[in-house]
Each structure stands twice: as structure tokens, then as C-alpha cells.
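The values are calculated or read from the model by the stated rules, or taken from the named source; none is laboratory data. Source: prediction; values computed, not measured. Cβ placement follows ideal geometry from the backbone for every residue including glycine, while neighbour counts extend to all protein chains displayed.
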Amino acid sequence: MGTLLAWEGGGDGEVVAFASDVVEVLASRPFPPGSRPRSHSVATGALVWVKVHGSRLEPSGRYRVVGRLIDVTRAVREELAASLAAPPAQAP
């Protein structure tokens, strides 16, 4: 499970891929190319700011938002990488 995000202005998302500065988020709403939506990590409150390359509607009804991270700190990079590297939780 990736880092959960809360978008400023409403909506949520989950980081599903992260490499270098490129991030993919499954979001509850689309963003137009060139937009710069800001979000915060639900777990830590850290700012995650993205310059959007594009959004695509997925069969799940969520939007796959692909973009480049802007002004990201090392701590945020580590949080994103760690959340994707963690094994999924096992149900009891």
C-alpha cells in the first residue's frame, strides 16, 4: 500500500508508483495536464506537490494521475519509497 494523500480542495489519492521524480497516484478526481495540485500525506502531514503530466480514468472509477514531484524533501522521498517497499499487511 502506498502513501495515502489528501488533496487541498478535496479528494484523496494513493501513491502507486514512484521513481526518481515521477509519481503515479490513484486519485478520486482528475487533474488537467500542467496543473500543480498540492496534497498532504495522511500519515505525516508532509506536503506532496505534483506537476501533472496527465490523468486517465481507470476501470475502478479512480483516476491515474501521473506527474513530477515539485520541491520535494528527502524525508518525503523516503516516505514514498518506504510505503511502496513495505509488504502488504496480512489479514488475521
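So here's what we get for this one:
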{"item": "Only one of R77, R64 that is assigned to a strand (DSSP E or B), among the charged types (D, E, K, R) and over 9 Å from the mean Cα position of the chain (by Cα)", "result": "R64"}
{"item": "Selection from the range 13-49 of residues that are polar (S, T, N, Q) and either closer than 14 Å to I70 by Cβ or at pLDDT 95 or above (or both)", "result": "S20, S28, S35, S39"}
{"item": "Residue within the range 69-84 that is exposed (fewer than 11 other Cβ atoms within 10 Å of the Cβ), without any contact (Cβ under 8 Å) to a residue 40 or more places away in the chain and touching a His at 6+ places or on another chain (Cβ under 9 Å) present", "result": "no"}
